Amino acid sequence: MIDIKTQYAGLTLRNPIIVGSSGLTNKAERNRDFEKAGAGAIVLKSLFEEQIEMQSEALMQDSDYPEAADYIRGYVKANQVNDYLELIKKSKELCTIPIIASINCYKADAWIDFARQIELAGADALELNVFFMETELTEDFESIRDTYVSIIRKVKETVSIPVIMKIGKNYSNIPSLVNLLKVNGADGVVLFNRFYQPDIDINNMQIVSGNVFSNHSDLSDTIRWTAIVSGKIPGISIASSTGVHDWEDVVKCLLAGASAVQMCSAVYTHGAEIISQVLTCVEEWMHQAHYQSLSQFQGKLNYANIPNPAMYERSQFMKYFSNRD
């Protein structure tokens, strides 16, 4: 009997497939459908700190009373938060698999009370989606690192449910950051988040949105850093995200050391049925490879378990092409 259960950030998942945070997961009824399709867990659509602030600013521009700014900001946030708490409660009523709440944030203090409410609403874990675009010439890298640490530390002091950090691949030293997050209480990390992709319309001379969805080529960085982080920093759960589109991608991430994978673009493209298809193929692969459980091959090809770990390092790029004309 093949067992595809996995342990992720202190949660027991019936399988490693997590439906990632997106517009797909903003309705409880649809989350129930993802469970029926086989998902191991669901991350609810993120509540965006920046979006709340923008909505507040828009309302304040229409107000003749500047002194009402605090009231308006509080009103907008309260309504957004209440709607989100209802999504958590309804999803927990309709689903039996873990429901993971998500906050897209860049400050710690603004979300402490909300983190408590998320726990009380019944969320099984909290994913903190943190992203910094480093563009300033005088950027203080230590302050950025300290912001990550401050967020995880303050939220962990507030709640008892698992807290997971979803980070971007643009950070200069990913293993160092993950190690700091682990030391300060993070139960898991997601590698990586995916944000707005800009493009240029050369005919209308405008900045426009690029491709919203990830593709297979994005998986390379996900595999690389999953393997390096899992090999260098044991004891923290990793969910591989970005570029995971089929069952082979799932197996690759597990071999690299992931405890779970997040699928989003593939579910948008193919519908919920892709989940059951992926699981069927993973189980068939395990059967053919004579594996009875995920633990028998998870991390088998990570940085610590291969003869030449430099295969995951950037210097191999030149070696690969050195014998080509």
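Bear in mind these aren't lab numbers, they're just calculated from the coordinates by the rules spelled out. All values derive from a computational prediction rather than experimental measurement. Heads up, the Cβs are rebuilt from the backbone with ideal geometry, glycines too, and the neighbour counts pull from every protein chain shown.
Side notes on the structure shown:
- Highest to lowest packing among 247-255, 121-129, 281-289, scored as the average C-beta count within 10 Å: 121-129, 247-255, 281-289
- With 21 Å as the limit, the listed pairs K252/K300; K36/K89; K156/K252; K156/K232 have K156/K252; K156/K232 beyond it between alpha carbons.
- Packing, taken as the mean count of other beta carbons within 10 Å per residue, orders the peptides 96-103, 155-162 from highest to lowest as 96-103, 155-162.
- Nonlocal amide H pairs with S293, under 5 Å, H built at 1.01 Å: D3
- FRET efficiency, 1/(1 + (r/R0)^6) with R0 30 Å, evaluated for E313 and T269 via beta carbons: 0.40
- Sequence ranges 188-196, 14-22, ranked by mean other-Cβ count within 10 angstrom, highest first: 14-22, 188-196
- Extension gain (nm, one decimal) between N179 and V212, 0.36 nm per residue minus Cα-Cα: 8.8 nm
- With the simple model of a label 7 Å out from the Cα in the direction of the Cβ, S276 to K169 spans 3.2 nm.
- Calculated from backbone phi, Karplus (6.51, -1.76, 1.60) coupling profile of segment 237-252 in Hz, x at Gly/Pro: 6, 10, 10, 7, 8, 5, x, 8, 10, 8, 5, 5, 4, 4, 4, 4
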